[in-house]
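Trainee: Before anything else, here's the structure in question.
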Amino acid sequence: MTYDAALDTALQRLHDEGRYRTFIDVERERGNFPMATRTRPDGSTQDVTIWCGNDYLGMGQHPVVISAMHAALDASGAGSGGTRNISGTTVNHKRLEAELADLHGKESALLFTSAYIANDATLSTLPKLFPGLVILSDALNHASMIEGIRRNGGAKRIFRHNDLDDLRAKLEALPQGTPKVIAFESIYSMDGDFSPMEEICDLADEFGALTYLDEVHAVGMYGPRGAGVAERDGLMGRIDIINGTLAKAYGVMGGYIAASAKMCDAIRSYAPGFIFTTSLPPAVAAGAAASVAHLKTDAALREQHRQGAAALKLRLRGLGLPIIDHGSHIVPVHVGDPVKCKMISDRLLEDFGVYVQPINFPTVPRGTERLRFTPSPTHTPDMTRHLVHALDSLWSQCALNRAALSA
């Protein structure tokens, strides 16, 4: 086999389909987010506005976070020095886990290096703890959940997205007494739609299932203290395991689960993804703890964010652009073609200094390619006006028929 030729073929296939992903080299500017400096391939620089970041509330630039990280770095140095079991547990890790357990009203929380690892490690470990376990998974669950469920060695059932009738039918088909867990998300990030959480909890109660909820795109953003959609809807007590991230609304890095003390202890003791991974640096844990604590009380920042997202949706809808709006903070604009999606993204960046990454297969199904905008409280009205003007101008210049794109 000619290995280089095989690699060339695989990469060329992505180019031909318009799905080749390009890194955009940007330098975030402390205190000036979402502005950044982009380095072009020729070495020149360009000022850009980031419209696709996951730092939803700008907490990655917040003084309380920066200060906490500086203090921990000065006190403890750069790295944690080991896995959590072997010298890698510090006061900062314990403080962060206590903040997270308190946030979600759970007995305990367990910190991972990312929410991807938290999902993968936890879902792949559950069948070791509950022999014969069947995991019922929403069809649009995140890749990390899919991977954890795939690797767990147990049985799975995939129910149609947010389809309660299909979920019920699959629960009814299981033998009575089968251990089971329903795995789903609160907000699905590509369309920004919400799950029917209360109804899923009702089914879990009826059929004796555990509930596993991914709140990655909701923690920090929803609820009186930012604990997510489950808090907003008064359902936290009905969720057995909550997964969250520290890399989006909290602006730092890391992931976690929050659950009973016994559940966290069991995952800690059996999950290879936890046992064999070096823990987060103390400074990262300290910054995340400060961010979580701050957002428990900063409801005004969440409200400012909601208003900004609503304003952007209103302006884009006024242009007749095909936005997907399910009432969350995520603002996808449907394009439906990977080549056109990348073309629009490239032109926005080069001509207008607007950075939004195209979202293509396999992140979303073929034919549903889109630009996914994530407004934050740090995006000013002028930035929003500039974005709307750029999209309007570009749609017209490229002679892109809006009706055709939305079809």
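The values are calculated or read from the model by the stated rules, or taken from the named source; none is laboratory data. The structure displayed is predicted, hence computed values, not measured ones. When we count neighbours, we look across all protein chains shown, and the Cβ atoms used for this are built from the backbone with ideal geometry, even at glycine. These accessible areas exclude ligands, DNA and RNA; they are computed on the full protein's heavy atoms, side chains included. Shrake-Rupley method; radii C 1.70, N 1.55, O 1.52, S 1.80 Å.
Trainee: Quick check, is Arg150 part of a helix (DSSP H, G or I) and either open to solvent by 10 Å² or more (accessible area, probe 1.4 Å) or polar (S, T, N, Q) (or both)?
Mentor: Yes: the conditions hold for Arg150.
Trainee: What are the residues in segment 1-52 that are under 22 Å from Asp337 (Cα atoms) and charged (D, E, K, R), if any?
Mentor: Selection gives Arg13, Asp16, Glu17, Arg19, Arg21.
Trainee: What's the total number of residues in segment 296-316 that are over 30 Å from Thr90 (Cα atoms) and either without any contact (Cβ under 8 Å) to a residue 60 or more places away in the chain or in a loop (DSSP other than H, G, I, E, B) (or both)?
Mentor: Of the residues in segment 296-316, 7 are over 30 Å from Thr90 (Cα atoms) and either without any contact (Cβ under 8 Å) to a residue 60 or more places away in the chain or in a loop (DSSP other than H, G, I, E, B) (or both).
Trainee: Identify the residue in segment 280-299 that is among the β-branched types (Val, Ile, Thr) and open to solvent by less than 30 Å² (accessible area, probe 1.4 Å) and, among all such residues, is farthest from the chain's Cα centre (by Cα).
Mentor: Val284
Trainee: Also, I was wondering about something else. Here are Leu210, Leu235, Leu203: which of them is open to solvent by 40 Å² or more (accessible area, probe 1.4 Å) and either basic (Lys, Arg) or over 18 Å from Ala115 (Cβ atoms) (or both)?
Mentor: Only one candidate qualifies: Leu210.
Trainee: Suppose we keep only residues that are among the hydroxyl-bearing types (Ser, Thr, Tyr) and in a loop (DSSP other than H, G, I, E, B) within segment 27-85. Which one would you say is farthest from the chain's Cα centre (by Cα)?
Mentor: Taking the candidates together, the pick is Ser44.
Trainee: While we're on this one: For the condition more than 30 Å from Gly82 (Cα to Cα) and more than 20 Å from the chain's Cα centre (by Cα), what is the one hit in Arg302, Arg317, Arg306, Arg372?
Mentor: Arg317
Trainee: Restrict the check to segment 317-333 and report whether at least one residue is without any contact (Cβ under 8 Å) to a residue 60 or more places away in the chain, in a helix (DSSP H, G or I), open to solvent by less than 40 Å² (accessible area, probe 1.4 Å) and out of contact with any Ser or Thr (no Cβ under 8 Å at 6 or more places or on another chain).
Mentor: No, that holds for no residue.
Trainee: Additional query: Just for helices (runs of 4 or more DSSP H) wholly inside segment 212-295: which have at least 1 residues that are under 23 Å from Lys128 (Cβ atoms)?
Mentor: Hits in segment 212-295: 261-270, 272-275.
Trainee: Which residue pairs have Cβ atoms closer than 7 Å, lie 6 or more positions apart in sequence or on different chains, and pair a first residue in segment 352-365 that is within 27 Å of Thr45 (Cα to Cα) and in contact (Cβ under 8 Å) with a residue 60 or more places away in the chain with a second residue that is outside any loop (DSSP other than H, G, I, E, B) and open to solvent by 50 Å² or more (accessible area, probe 1.4 Å)?
Mentor: Hits for this filter: Gly353/Asp47.
Trainee: Right, another one. Any chance you could count how many residues in segment 51-101 are buried (at least 22 other Cβ atoms within 10 Å of the Cβ) and farther than 17 Å from Val252 by Cβ?
Mentor: Result for segment 51-101: 1.
Trainee: Give me the residue from segment 1-31 that is free of Cβ contacts under 8 Å to residues at least 24 places away in the same chain and open to solvent by less than 70 Å² (accessible area, probe 1.4 Å) and, out of that set, nearest to Ser376 (Cα to Cα).
Mentor: Out of the qualifying residues, it is Glu29.
Trainee: Right, Ser195: open to solvent by 10 Å² or more (accessible area, probe 1.4 Å), closer than 16 Å to Asn243 by Cα, over 12 Å from the mean Cα position of the chain (by Cα) and of a type in the set (S, T, N, Q) or not?
Mentor: When the stated conditions are applied, Ser195 passes them.
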